[in-house]
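Structure, as structure tokens:
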Amino acid sequence: MKLIKAMMVCSILAIVLLVVSCQKDTYKSRDTSMLKAPPIDTTPVPVVDTSVVIDDCDKVDGWQVAGGNPVLVTTGQKAGTGYIQGTIAAGQNFMQFIKTLPAPVNTKVTLSTGELKLWFYVQDVSQLKLDGQIQFSSAADPDNKRIGWGLAGIIPTLKNGWNHLFLKFSDGYLSGDGGPDLTAMNYIKIFFWTAANAATDQQYGIDDIRVAVVPPPPPVEIDNCDKIDGWQVAGGNPVLGTTGQKEGAGYIQGTIDSGQNFMQFIKTLPAPVNTTETMATGQLQLWFYVPDVTLLKLDGQIQFSSAADPDNKRIGWGLAGIIPTLKNGWNLLKLNFSDSYVSGDGGPDLTAMNYIKVFFWTSANTTSNQTYGIDDIKVVAK
């Protein structure tokens, strides 16, 4: 009897142990119910302003105006906490804003890269005489070490109210002593007249005077290569590739068939294109697709013309120097006008470009078809 009871107890104990051992353990490290994806950072990327402040016009300190004292207006300003106001009183016809800076300012630009920016408030543009100047000096003097801009050409572009002026140093006129030291500018003067004595008080204002680097002009599209219209290639018809392009809806393909060794891409543009650049400032950019660089012969050219002709009014670049820099696949070529060779007739009219040609060879006849491509041909400022 005792033996039976002992056996029953052991059996019950075994069952209990079996049940306990079959229960699933819960590990917090495996429980993802409380995990949350990290929040998406929607903070806008800050715009870095590299301009140099000449005067923020938030104080009247050091400012002079014609006909009285300058006034700091603290409503309607374009930046900061206020702007400088001057008034041509009824019966008068002249205004000027003058300030000698407390310390010289390094503009960090050159005559070819910089521009003066300021906000200019005009109550009634129709009353202004086409005269006056904006002068910017490093000699604390409007007549020495100065760059200036005539208001006769600026006033017709103004509207009543605030106007944001962008004055390129390259458009300014320099004083006879060679112009200013742009690392030590210390004086600004703006002066002008009304065409007749004012019948009522006329208020003018200036705000947020600074120097910045002139932004590059937008690219000028020569051909976006989204259509085969007008394109010629060697060995057959061009093909529009619509996958893998670098821009837009497609790119122009040309194939050197097995047993051949030459390819060219040619287009005469339907209308002349003004590049807006000079030989010193311009750069031709295009994407060039090469399936196998090792097959290319160090020869060929890229030609860009205003005569619808590869041999006249042309600039060009030899591919012998470019091919060693290429890789298989797409390559962005950046070709400075200043690095090109110019045709003997003086080169192209960069305001009326109308022809492009790219031609090259493989070192030997190909043993399989080789497909090349070009895309997104444009001119930019280098």
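The values are calculated or read from the model by the stated rules, or taken from the named source; none is laboratory data. Fair warning: this is a prediction, and the values are worked out from it, not measured in the lab. In this analysis, Cβ positions are derived from the backbone assuming ideal geometry, glycine residues included, and neighbour counts consider all displayed protein chains. In case anyone asks, the SASA skips ligands and DNA or RNA and just uses the protein heavy atoms, side chains included. Shrake-Rupley method; radii C 1.70, N 1.55, O 1.52, S 1.80 Å.
Looking at the stretch 267-315, which of its residues are out of contact with any Leu (no Cβ under 9 Å at 6 or more places or on another chain) and of a type in the set (S, T, N, Q)? Hits for the stretch 267-315 are 268, 281, 294, 303, 305, 312. Would you confirm whether any residue within the stretch 200-216 is farther than 30 Å from residue 72 by Cα, part of a loop (DSSP other than H, G, I, E, B) and touching a residue at least 60 places away in the same chain (Cβ under 8 Å)? Within the stretch 200-216, one or more residues are farther than 30 Å from residue 72 by Cα, part of a loop (DSSP other than H, G, I, E, B) and touching a residue at least 60 places away in the same chain (Cβ under 8 Å). Among the residues making up the stretch 108-122, those that are closer than 14 Å to residue 170 by Cβ and assigned to a loop (DSSP other than H, G, I, E, B) are 109, 110, 111, 112, 113. Only residues that are assigned to a strand (DSSP E or B), touching a strand residue (DSSP E or B) at 6+ places or on another chain (Cβ under 6 Å) and open to solvent by 30 Å² or more (accessible area, probe 1.4 Å) were counted across the stretch 58-84, and they come to 2.
Restricting 32, 113, 42 to residues that are modelled with pLDDT under 95 and surrounded by 12 or more Cβ atoms within 10 Å (Cβ to Cβ) narrows the list to 113. Going by the conditions given, is residue 156 under 27 Å from residue 82 (Cβ atoms), not in a strand (DSSP E or B) and not hydrophobic (A, V, I, L, M, F, W, C)? Against the criterion (under 27 Å from residue 82 (Cβ atoms), not in a strand (DSSP E or B) and not hydrophobic (A, V, I, L, M, F, W, C)), residue 156 does not qualify.
If you go through the stretch 198-211 one residue at a time, do you hit one that is in contact with a Ser or Thr (Cβ under 9 Å, 6 or more places away or on another chain), under 30 Å from residue 285 (Cβ atoms) and either modelled with pLDDT of 95 or more or among the aliphatic types (A, V, I, L, M) (or both)? Yes: the stretch 198-211 contains one or more residues that are in contact with a Ser or Thr (Cβ under 9 Å, 6 or more places away or on another chain), under 30 Å from residue 285 (Cβ atoms) and either modelled with pLDDT of 95 or more or among the aliphatic types (A, V, I, L, M) (or both). Pairing each residue of the stretch 241-260 that is modelled with pLDDT under 95 with any residue that is exposed (fewer than 15 other Cβ atoms within 10 Å of the Cβ), provided the two are 6+ apart or on different chains, yields no C-beta distance under 6 Å.
Of all residues assigned to the stretch 174-194, at least one qualifies as being free of Cβ contacts under 8 Å to residues at least 40 places away in the same chain, among the charged types (D, E, K, R), open to solvent by 20 Å² or more (accessible area, probe 1.4 Å) and not in a strand (DSSP E or B).
For the stretch 199-229, a residue qualifies if it is of a type outside the set (S, T, N, Q) and open to solvent by 50 Å² or more (accessible area, probe 1.4 Å), and the qualifying residues are 199, 201, 213, 215, 216, 217, 218, 219, 221, 227, 228, 229. Touching a Gly at 6+ places or on another chain (Cβ under 9 Å), farther than 18 Å from residue 63 by Cα and surrounded by 18 or more Cβ atoms within 10 Å (Cβ to Cβ), is that true of residue 150? No: the conditions fail for residue 150. Of all residues in the stretch 255-274, which are among the polar types (S, T, N, Q), under 29 Å from the mean Cα position of the chain (by Cα) and surrounded by 14 or more Cβ atoms within 10 Å (Cβ to Cβ)? Hit for the stretch 255-274 is 268, nothing else.
If you go through the stretch 293-317 and keep only what is open to solvent by 40 Å² or more (accessible area, probe 1.4 Å) and not in a loop (DSSP other than H, G, I, E, B), you end up with 294, 295, 301.
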